Amino acid sequence: MKFICTLCNYVLEEAQGLPAGGIEPGTKFDNLPEDWKCPDCAAAKEYFQSCSCVSLPVYEATKVAPTQARKPAHTCT
């Protein structure tokens, strides 16, 4: 099953886990520590919701990659 952070759209897949964060592949979301946080935005577990097979491809196809901050075109003087 997949879970998505409702604040930043990070997707955690139980099957893949997050080995770099100490989450072994196959670990159930409900078995994560209560103080576990989103690796991208530090949101608490309560901000995650299960992700359906139907909605995830739409999200993946339409998500926008983060961009670097831009300098203003002009400044007021």
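No lab work stands behind these numbers, since they all come straight from the coordinates. On a predicted model such as this, the values are computed, not experimentally measured, just so you know. In this analysis, Cβ positions are derived from the backbone assuming ideal geometry, glycine residues included, and neighbour counts consider all displayed protein chains.
Could you check how many residues of segment 3-22 are of a type in the set (A, V, I, L, M) and touching a Gly at 6+ places or on another chain (Cβ under 9 Å)?
Of the residues in that region, 1 qualify.
For segment 21-50, filtering for residues that are part of a helix (DSSP H, G or I) and either basic (Lys, Arg) or free of Cβ contacts under 8 Å to residues at least 24 places away in the same chain (or both) leaves 5. The set of residues from segment 3-20 being out of contact with any Ser or Thr (no Cβ under 7 Å at 6 or more places or on another chain), surrounded by 14 or more Cβ atoms within 10 Å (Cβ to Cβ) and either of a type in the set (Ser, Thr, Tyr) or not in a loop (DSSP other than H, G, I, E, B) (or both) comprises 4, 5, 10, 11, 12, 13, 18.
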